[in-house]
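Have a look at the structure below, then the notes.
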Amino acid sequence: MQDRLEEMSAFFNARAEEYDVRHTGGIDAGEESKRLLASFLPEGTRTLLDLGVGTGLELVEVFHRFPDISVTGIDGAPKMLDKLRERFPNQEIRILCGDYLAADFGSGCYDAVLTAMTLHHYTHAVKLALYKRIYDALTDTGVYLENDFMLSASEFPDPQREEERLFAEYEALKREQHLPGGAYYHFDTPCTVDNQIKLLLAAGFARVEEVWGVRNNITLRAYKQEV
Ligand SMILES: C[S@@+](CC[C@H](N)C(=O)[O-])C[C@H]1O[C@@H](n2cnc3c(N)ncnc32)[C@H](O)[C@@H]1O
């Protein structure tokens, strides 16, 4: 049984110092996944919304490929955002500290939306509602890139069963620890790749493709319109 669950932003605030090392070296193809993300953005991307931007590891290559890109980054953990500012002292980034599940993204204003390693803590219902808002926030030719911990059929004989087991464990821990509802706690509840794709299509995306993956570290690209 794991230690006490920690509220999401408190968890990341407490780990901001060691975050970069853990997430490039400590997870499957961590460094590669951050580095490659920029290559999956469409040619000519001018505006990008990065949800759960954290310390901005994935933005290094984004700025290399698109030096003039306009980036908006949202994150709930102020200490992660301090690291982001330290990483890019000369880059203009619109930084918003807050909950991306509640933030207003606007409509039709981003060429691309990106989430990297931030959504594997949320239920289908929460993701579906977020995906619909991401869809609305994109321009007609926009794409959404999701890199995350997903349950791959190559790694689990029955990924659906593993997904259900993890969600049940999370609910049991919350009950045991008498944690109030309405808050989110750090506990990994990745979904199967199939469920991820179904949720994105249900949110309205015209097409979803798996563009990269190493073990359970997967990147999906969702197109607002068929191209
Ligand atoms: C594992 S880190 C990923 C950071 C960065 N995208 C990367 O790939 O290195 C997850 C980040 O998502 C943020 N996060 C999780 N849920 C959030 C929410 N609902 N609103 C805002 N930020 C959130 C956390 O604070 C944390 O900085």
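Summary of computed values
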read-out	value
Along each principal axis, Cα extent of segment 8-223, largest first, Å	48, 38, 32
Cα-projected label distance for residue 125 with residue 36, points at 7 Å along beta-carbon direction, nm	3.5
Surface per residue (accessible, 1.4 Å probe) for segment 8-223, Å²	45
Calculated FRET value between residue 11 and residue 215, using beta carbons and R₀ = 30 Å, to 0.05	0.80
Cβ charges +1 (Lys, Arg) and -1 (Asp, Glu), total dipole of the chain, debye	320
Residue-averaged 222 nm ellipticity for the chain, from DSSP H runs of 4+ at -39500 (n - 2.57), nearest 500	-11000 deg cm²/dmol
Around residue 33: net Lys/Arg minus Asp/Glu count, Cβ-Cβ under 14 Å	-4
Formal net charge of residues neighbouring residue 170 (Cβ-Cβ distance under 12 Å; K, R +1; D, E -1)	-3
Accessible carbon and sulfur surface of segment 8-223 relative to its total accessible area, %, 1.4 Å	50
Length added when fully stretched, residue 28-residue 183, from 0.36 nm per residue minus Cα-Cα	52.9 nm
Positive-end residue of 121, 56, 138, charge dipole of the chain with Cβ unit charges	138
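The values are calculated or read from the model by the stated rules, or taken from the named source; none is laboratory data. Everything quoted here is computed from the prediction, not taken from an experiment. Quick reminder, even Gly has a Cβ in these numbers, built from the backbone with ideal geometry, and neighbours come from all protein chains shown. Ligands, DNA and RNA are stripped out before the accessible areas are found, and what is left, the full protein with its side chains, is counted by its heavy atoms. Shrake-Rupley method; radii C 1.70, N 1.55, O 1.52, S 1.80 Å.
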